[in-house]
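Data first, discussion second: the structure below is written as structure tokens.
The values are calculated or read from the model by the stated rules, or taken from the named source; none is laboratory data. Just so we're clear, the structure is a prediction, and the values are computed from it rather than from any experiment. All Cβ positions, even for glycine, are placed from backbone atoms using ideal geometry, and neighbour counts span all protein chains on display. The area values use the complete protein model at the heavy-atom level, side chains included, leaving out ligands, DNA and RNA. Shrake-Rupley method; radii C 1.70, N 1.55, O 1.52, S 1.80 Å.
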Amino acid sequence: MGQPAERDSGERATRGAADLQLPPGQRLQKGWPVTHYGPVPKFRPERWEFRVFGATADGEKHCWNHEEFTALPYTTVEADLHCVTKFSMVGAEWGGIPARTVVEIAPPAPDVTHVMVWAEYGFSSNLRLADFTSDRTLFATHKDGELLTAEHGFPLRLIVPHLYAWKGPKWVRGVEYMTADRRGFWEERGYHNLGDPWKEQRYSYQEEPGDGPEL
Ligand SMILES: Nc1nc2c(c(=O)[nH]1)N[C@H]1C(S)=C(S)[C@@H](COP(=O)(O)O)O[C@H]1N2
Ligand SMILES: [Mo]
């Protein structure tokens, strides 16, 4: 736990412009394709809220409206995006609110081990708490200084630099704290429960005992 992020930063430190290192089986994509399941949701600021719920430390649900959530401290993270279908988009500078900030202001109960990140239309992805609180995991509002476009997740998407991109829901609306692991949308439909691209954890049939809940 906590290891993937550290190894990812190590890879980056040894990466020069000339010897671009991609995870095994990935190829570089020019430009930035749009990849998701279902339609692009319409952003309605008056209806939008970000919720933290489930096993919170105080047992309460925590909600922010769009203005409140985007007023949280802003930071940037440089990270690549690795799609399990084998393209990678490299060198993006993401801007937004660290996931760790959310965990600090709405802490989980002591027995929380995993989170489910929820997006519009019921899309979800599960993460180990340590992956969620990695110092590079970000609720992004911006890429390269510009607001995200609707098809790339405006107003908010999760970026988990050390995992495959399906672990980062676009149009994210909240986080559920969990005291046991549970599979999200793609994790139930054949993708690996953990999704580390450096270990090429693409599909659930590759899972080893302990990698995820029984299918
Ligand atoms: N809500 C939602 N988020 C999603 C997905 C999705 O189907 N729905 N697809 C994921 C996958 S598989 C990838 S590769 C990235 C793609 O992000 P992009 O379209 O900005 O390149 O979004 C991820 N986030
Ligand atoms: Mo993907």
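Considering only residues of the range 87-99 that are buried (at least 16 other Cβ atoms within 10 Å of the Cβ) and of a type outside the set (A, V, I, L, M, F, W, C), which is nearest to Ala165 (Cα to Cα)? Steps first, please.
Taking the range 87-99 as the starting set, the residues that turn out to be buried (at least 16 other Cβ atoms within 10 Å of the Cβ) are 87-90, 92, 94-99.
Applying the additional criterion that residues be of a type outside the set (A, V, I, L, M, F, W, C) yields 88, 95-96, 98.
Values: Ser88: 9, Gly95: 16, Gly96: 17, Pro98: 17 Å.
By that ranking, first place goes to Ser88.
Can you find a residue in the range 99-114 that is under 22 Å from Thr35 (Cβ atoms) and in a strand (DSSP E or B)? The answer is no, given that none of the residues of the range 99-114 is under 22 Å from Thr35 (Cβ atoms) and in a strand (DSSP E or B). Among residues that are over 23 Å from Ala55 (Cα atoms), open to solvent by less than 20 Å² (accessible area, probe 1.4 Å), at pLDDT 95 or above and part of a loop (DSSP other than H, G, I, E, B), Gly195 is included.
Pairing each residue of the range 84-96 that is within 16 Å of ligand 2 (Cβ to nearest atom) with any residue that is open to solvent by 10 Å² or more (accessible area, probe 1.4 Å) and of a type in the set (Asp, Glu), provided the two are 6+ apart or on different chains, yields C-beta distances under 6 Å for Ser88/Asp80; Val90/Asp80.
Of all residue pairs spaced 6 or more apart or on separate chains, those with beta-carbon atoms under 7 Å, a first member in the range 143-167 that is free of Cβ contacts under 8 Å to residues at least 40 places away in the same chain and of a type outside the set (Lys, Arg) and a second member that is open to solvent by 40 Å² or more (accessible area, probe 1.4 Å) and assigned to a loop (DSSP other than H, G, I, E, B) are Leu147/Phe154; Leu148/Phe154. For Thr113, the conditions (1) crowded, with 17+ Cβ neighbours inside 10 Å; (2) polar (S, T, N, Q); (3) in contact (Cβ under 8 Å) with a residue 60 or more places away in the chain all hold with the exception of (1).
Of the numbered criteria (1) touching a Lys or Arg at 6+ places or on another chain (Cβ under 9 Å); (2) more than 16 Å from ligand 1 (Cβ to nearest atom); (3) aromatic (Phe, Trp, Tyr); (4) open to solvent by 50 Å² or more (accessible area, probe 1.4 Å), the one Tyr74 fails is (1). Which of the residues belonging to the range 161-182 are more than 11 Å from Ser124 (Cβ to Cβ) and near ligand 1 (Cβ under 10 Å from one of its atoms)? Answer for the range 161-182, where residues must be more than 11 Å from Ser124 (Cβ to Cβ) and near ligand 1 (Cβ under 10 Å from one of its atoms): Tyr164, Ala165, Gly168, Lys170, Trp171.
Return the residues of the range 57-103 that are under 27 Å from Trp186 (Cβ atoms) and aromatic (Phe, Trp, Tyr); say none if nothing qualifies. Passing the criteria: Trp64, Phe69, Phe87, Trp94.
Output the residues belonging to the range 71-83 that are within 15 Å of ligand 2 (Cβ to nearest atom) and outside any strand (DSSP E or B). Of everything in the range 71-83, just one residue is within 15 Å of ligand 2 (Cβ to nearest atom) and outside any strand (DSSP E or B), namely Cys83. Pick from the range 160-179 the residues that are within 13 Å of ligand 2 (Cβ to nearest atom) and over 19 Å from Lys199 (Cβ atoms): which of them is least open to solvent (accessible area, probe 1.4 Å)? Of everything passing the filter in the range 160-179, Pro169 is least open to solvent (accessible area, probe 1.4 Å).
Kindly indicate whether Leu147 is loosely packed, with under 15 Cβ neighbours inside 10 Å and under 23 Å from Ala71 (Cα atoms). Break it down into steps so the answer makes sense when it comes.
Values: loosely packed, with under 15 Cβ neighbours inside 10 Å: yes; under 23 Å from Ala71 (Cα atoms): yes.
Answer is yes for this residue.
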